[in-house]
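The values are calculated or read from the model by the stated rules, or taken from the named source; none is laboratory data. Predicted model, so just to flag it, every value in this text is computed and none were measured. No Cβ is skipped: glycine too gets one built from the backbone with ideal geometry, and neighbour counts run over all protein chains shown.
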Amino acid sequence: MSETTRRTVLAGAAGVTAAAVLAACGDDEESPGGSSTTPPSTGGDTGTSGALAKKSDIPVGGGKVFEREEVVIVQPTAGDFKAYTAICTHQQCVVNEVSGGFIKCPCHLSRFAIATGEPAPGSMAQRTLDSKSIKTDGDSISLA
């Protein structure tokens, strides 16, 4: 077999193998073990129609990021709920954490005050996070 033919055969075999692996990965059916191959949601409905969260899900002085909805909901002081875009104003990364009174971006370590959405001193981000409108109904929080 010539060198070119050998390469052609190997490249074809690799392509067939890759196609088979991709086809298997694309299956959203339940696996035989009973667990779903779909990753868990990072936010979303908590049982109340249209609700993102329950008030009790948002700690005082903290918050929760809803990646799919690109929103972060915070509670700076007891009973005061606010929402901001989850997209960092520096280079549009999605923020991933709320702790210590700050919304934090993993890309360049920008931090934003939960009470105002303003960037903390020393952050790469220079602009405030955009506010999002939310509404509360009983214990539910949803986008307005």
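Could you please give the count of residues in the range 60-83 that are more than 16 Å from LYS104 (Cα to Cα), among the hydrophobic types (A, V, I, L, M, F, W, C) and in contact with a Leu (Cβ under 7 Å, 6 or more places away or on another chain)? So the count comes out to 0. Listed by first and then second residue, the pairs with beta-carbon distance under 8 Å, at least 6 apart or on different chains, first residue in the range 74-94 and farther than 17 Å from SER142 by Cβ, second polar (S, T, N, Q) and modelled with pLDDT of 95 or more, are CYS88/SER110; THR89/SER110; THR89/GLN126; THR89/THR128; HIS90/SER110; HIS90/SER123; HIS90/GLN126. Whenever a residue of the range 115-126 is within 11 Å of TYR84 (Cα to Cα), its partners that are small (Gly, Ala, Ser) and assigned to a loop (DSSP other than H, G, I, E, B), lying with C-beta atoms within less than 8 angstrom and at least six residues away or across chains, give the pairs ALA115/GLY101.
Of everything listed in (1) in contact with an Asp or Glu (Cβ under 8 Å, 6 or more places away or on another chain); (2) within 27 Å of GLY50 (Cα to Cα), the single unmet condition for PRO106 is (2).
For the range 105-122, enumerate the residues that are closer than 27 Å to ALA78 by Cβ and under 17 Å from the mean Cα position of the chain (by Cα).
In the first step, residues of the range 105-122 are kept if they are closer than 27 Å to ALA78 by Cβ; the result is 105, 110-121.
Across the range 105-122, the qualifying residues are CYS105, SER110, ARG111, PHE112.
Out of the range 67-113, which residues are β-branched (Val, Ile, Thr) and in a loop (DSSP other than H, G, I, E, B)? Let's see the steps before the verdict.
Within the range 67-113, the first condition is being β-branched (Val, Ile, Thr), and the residues that meet it are 71-74, 77, 85, 87, 89, 94-95, 98, 103.
Selection gives THR89, VAL95.
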